[in-house]
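Laboratory data are not the source of any read-out in this text; all were calculated from the coordinates shown. Note that the coordinates shown come from a computational prediction; the quantities given were computed from them, not determined experimentally. Quick reminder, even Gly has a Cβ in these numbers, built from the backbone with ideal geometry, and neighbours come from all protein chains shown.
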Amino acid sequence: MTSQDYAREVGNLMLIVAREMDVKTNDPGYRRAFSLALQRIMLTGADQYEVSEDVQQVEVKPLGGLIRDIEEEAVDLIAYATALRLRAPEHDLEARRLVACALEQMQIVGKIVEPS
């Protein structure tokens, strides 16, 4: 899978989820996430994602490695939200909502790691 193929898959999944959540593709948050995702995969982060010109790390990384990456991103979100709250107390509610998103991510990961 090339970086372009992977970016297409990311875009497709984002579109599916956005429709399920009734988020419009012209919403600033959606547009920013889409733009950053494409940039990370195809431009600035291509070296991190590509093993070779036509193989993505996600294709060869063990499932445990992917799970750990998701967990680390969730913990990063909690840390960044805490920093936001400390630096801009007027955004306390938004910081709490971000932490809630991260905790939900960890709950989801728990269901993947230990299916019932």
For a test of the definition: using alpha carbon positions, the gyration tensor, and the 1.5 limit on a/c, classify region 1-86 as rounded, prolate or oblate. oblate
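Evaluate E = 1/(1 + (r/R0)^6) for Q4 and D27, where r is the Cβ-Cβ distance and R0 equals 25 Å; express this FRET efficiency to the nearest 0.05.
Values: r = 24 Å, r/R0 = 0.98.
So, using R0 = 25 Å, E works out to roughly 0.55.
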Calculated from DSSP helices alone, with each H run of at least 4 adding -39500 (n - 2.57) and the total divided by the residues of the chain, [θ]222 nm to the nearest 500 comes to -24500 deg cm²/dmol
Just subtract the alpha-carbon distance of E72 and D54 from 0.36 nm times their residue separation and send over the number in nm, one decimal. 3.8 nm
Using the crude model of +1 on Lys and Arg Cβ and -1 on Asp and Glu Cβ, and no other charge, please compute the dipole size for the chain relative to its Cα centre, in debye to 20. 420 debye
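Computed FRET efficiency, Cβ-Cβ of E20 and H91, R0 30 Å: what is it to the nearest 0.05?
On the way: r = 27 Å, r/R0 = 0.90.
E(calc), rounded to 0.05, equals 0.65.
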